[in-house]
Amino acid sequence: MWSDPSLPSPNASFLHLALVTDTHFWPPSDAMRAWSARSAAASERDGLLVSDSPALVRQLLAELSAFASSRGLLALHLGDAVCGGGGFAQPAAEVNASLLALRAAEAHALRRWPVHHAVGNHDLSGSPPLRAWGASLGGGAVEEAAAGAWRALALRGWSVLLLNSMDGVDEDVDGHGHVGRAQLEWLEAQLRGARGAGRRVVLAMHHPLLDPAAPPARRRRGGAAAYLGPAAEAWAGPGDLVDNREEVLAVLARHTGVLRLALHGHVHANTLTWWRGVPFVTLASTSEFPLEWHELVLADCELRLVRHALDLPALRHKSYAQDTRAGRNAIKQGPASLAQGLRLDVC
């Protein structure tokens, strides 16, 4: 049953997709407990609940199962499914085991209901760095083939383009992303094809293409990036973005007539940024306050983005209290325009 009166009643003209990102799943181990102890002892802490990630993933999959039974077509996971690379210092064997365990949990809870994963910087492991991801979350592509790392989903009048923003990045050093030349050519061809077929496009990838923490003085719709969230000092940097984003944006600029929405994870915050009249949205981590997943509703002439809080109020409070960074919980919660549900006319 529909519990949100802002949503339409289910019917064949609406497509309903679940959006998840940055689950940072790490099954219990000595390495996970050691990392959690160091994190808890730090003077500055975020609210990421790595030690609780198994419970969070169980609840998430239970809610996605109900969503799949009622109206859901598929799910998009925007990356950082696990805790490889960077400051986590997770052993490579555990990264690989985490990837396989998450895929097994998805299959057990959701059966054949599809979950399409994008690559995140914390999903890399070993050499080649996407082999383990490809064999588990990448649909069985054991090499870094285009078919496994980036793909197009055709959904009645819409194309969802799932990009690999770790294209050619072999190791997570500072968190940045990259989109390689072959993928840029593929993106150009997909956008050109969508325009010729009269399809609208949703772009989805892990890293943002625009600075989600742009100063409030740059607020304007269209043209330059504009942050529409809590006024605060800059909290994102080059390591949070695609390093060759200008090349990606140059491709998109040639096809703004078909691009309707860009979705990103990585920064663990709900933000809304406009570029050439197109909304660029980052989504908060499912494993950090406000502990939620999102629903994207696509129709012939509109799209809607709706937030769903995980039914874990105690863990939500724990994550909120754990973050010691001033103002960050408000940033993660996001602007009122997203809290109320984004609704856009796309015709």
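The values are calculated or read from the model by the stated rules, or taken from the named source; none is laboratory data. All of these numbers come straight from a predicted model, not from anything done at the bench. Heads up, the Cβs are rebuilt from the backbone with ideal geometry, glycines too, and the neighbour counts pull from every protein chain shown. The area values use the complete protein model at the heavy-atom level, side chains included, leaving out ligands, DNA and RNA. Shrake-Rupley method; radii C 1.70, N 1.55, O 1.52, S 1.80 Å.
Is region 253-293 rounded, prolate or oblate when judged by the Cα gyration tensor, a ≥ b ≥ c being the square roots of its eigenvalues, rounded requiring a/c under 1.5 and prolate requiring a/b larger than b/c? Mind showing how you got there, number by number?
Details: a/c = 3.59, a/b = 3.09, b/c = 1.16.
In terms of gyration-tensor shape, prolate.
The slack in the chain from Arg58 to Ala189, taken as 0.36 nm per residue of separation less the alpha-carbon distance, amounts to 43.3 nm. Summarising the amide proton neighbourhood of Gly139: residues at separation of 5 or more, or on other chains, whose placed amide H is nearer than 5 Å comprise an empty set. The residues of the chain present an accessible area of 40 Å² per residue when probed at 1.4 Å with all protein chains retained. Once the Cα-Cα distance is subtracted from the 0.36 nm per residue extended length, the Thr256 to Ala314 segment shows a gain of 16.6 nm. I'd like to know which of Gly237, Ala66, Thr21 lies farthest towards the positive end of the charge dipole of the chain, counting +1 on Cβ of Lys and Arg and -1 on Cβ of Asp and Glu. The Cα lying farthest towards the positive end belongs to Ala66.
Remark: spin-label model distance Val173-Ser29 equals 2.5 nm, labels positioned 7 Å along the Cα→Cβ axis. Structural descriptor for the chain: relative contact order 19 percent, calculated from alpha carbon pairs under 8 angstrom and at least 6 residues apart. Each Lys or Arg adds one and each Asp or Glu takes one away; over the other residues whose Cβ falls under 10 Å from the Cβ of His266, this sums to -3. Between Arg325 and Arg111, how high is the FRET efficiency from 1/(1 + (r/R0)^6) when r is the Cβ-Cβ distance and R₀ = 45 Å? Nearest 0.05. E between Arg325 and Arg111, to the nearest 0.05, is 0.70.
Taking region 290-307 and a reference point 7 angstrom along Cα→Cβ of Ala339, the backbone N atoms nearer than 16 Å belong to 290-292, 306-307. Here's the picture: a label point sits 7 Å out from the Cα of Ser70 along the beta-carbon direction, and within region 331-347 the residues with their amide nitrogen under 17 Å of it are 341. Put simply, when 20-32, 192-204, 78-90 are sorted by average Cβ atoms within 10 angstrom per residue, most first, you get 78-90, 20-32, 192-204.
For the chain, what class follows from the C-alpha gyration tensor (a ≥ b ≥ c being the square roots of its eigenvalues): rounded when a/c is under 1.5, otherwise prolate if a/b is larger than b/c, else oblate?
Working: a/c = 1.26, a/b = 1.22, b/c = 1.03.
It is rounded, given that a/c, with a ≥ b ≥ c, falls under 1.5.
DSSP finds beta bridges in the chain, and of those with both partners inside it, around 55 percent are antiparallel. Of the solvent-accessible surface of region 167-206, computed with a 1.4 Å probe and all protein chains present, 45% belongs to carbon and sulfur. Dipole of the chain (Lys/Arg Cβ +1, Asp/Glu Cβ -1, origin at the Cα centre): which of Gly79, Thr273, Gly134 lies farthest to the positive side? Working it through, the farthest residue towards the positive pole turns out to be Thr273. Here the simple spin-label model places points 7 Å from the Cα toward Cβ, and for Val346 and Ala299 these points are separated by 1.3 nm.
Taking every alpha-carbon pair under 8 Å whose residues sit at least 6 apart, region 270-310 reaches a relative contact order of 26 percent.
Distance from the Cα centroid of region 296-321 to that of region 37-65 is 16 Å (rounded to whole angstrom). Pair-distance distribution of region 34-173: all C-alpha pairs, bin width 5 Å, starting at 0; shares per bin in whole percent are 2, 9, 18, 21, 19, 16, 9, 4, 1, 0, 0.
Per-residue extension of 0.36 nm, minus the Cα-Cα distance of Ser39 and Ala104, leaves a gain of 20.6 nm for this segment.
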